[in-house]
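Shown next, in structure tokens, is the structure this report addresses.
The values are calculated or read from the model by the stated rules, or taken from the named source; none is laboratory data. All figures in this text were calculated on a predicted structure; none of them were measured in a lab. Here the Cβ positions follow ideal geometry from the backbone for every residue, glycine too, while neighbour counts run over all protein chains shown. For accessibility, only protein heavy atoms count, side chains too; no ligands or nucleic acids. Shrake-Rupley method; radii C 1.70, N 1.55, O 1.52, S 1.80 Å.
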Amino acid sequence: MKNKLIRLAELIQEDFSENLIAAFRSSEKQSLARRLAITSDAIAFHQSRSEELWLKAGSKRTAEEKHAAARAELAAFVFAYLTGDVREYAESAREAMRTLGRQGEIDIVKSLAEC
């Protein structure tokens, strides 16, 4: 499961200034609280960025805005996985993977949702 979480963290990481990947890759296990905190920060960052891009485009959806929103959805899925409430976020995470052009990696979401 760790490799799957790392892969999702890599997708979420784009444009996010904190090192989300390190929280999941670290050889010294990061605390759950730290992983939740940085994942929550990623959700907030990508949601804010999505809104900013939407407003900048005159309240229209652009590819860049859709990608930011998709990264927020993936981060929400990871947060839900860490808290044990993953199933209700699975469909939006699968759609986020499609939005990011990662159809071949949708199975990551599926396998994590089944845990």
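Some observations on this one:
- Hits in segment 68-83 (condition: of a type outside the set (A, V, I, L, M), open to solvent by less than 70 Å² (accessible area, probe 1.4 Å) and farther than 18 Å from residue 14 by Cα): 81
- Condition check for residue 24: over 18 Å from residue 107 (Cα atoms), assigned to a helix (DSSP H, G or I), among the aromatic types (Phe, Trp, Tyr) and in contact with a helix residue (DSSP H, G or I) (Cβ under 8 Å, 6 or more places away or on another chain): yes
- Condition met for residue 3 (loosely packed, with under 15 Cβ neighbours inside 10 Å and within 19 Å of residue 106 (Cβ to Cβ)): yes
- When the test is whether a residue is surrounded by 13 or more Cβ atoms within 10 Å (Cβ to Cβ), part of a helix (DSSP H, G or I) and either of a type in the set (S, T, N, Q) or out of contact with any strand residue (DSSP E or B) (no Cβ under 8 Å at 6 or more places or on another chain) (or both), residue 94 passes it.
- For segment 51-91, filtered to residues that are of a type in the set (Lys, Arg) and part of a helix (DSSP H, G or I), the residue that is nearest to the chain's Cα centre (by Cα) is 71.
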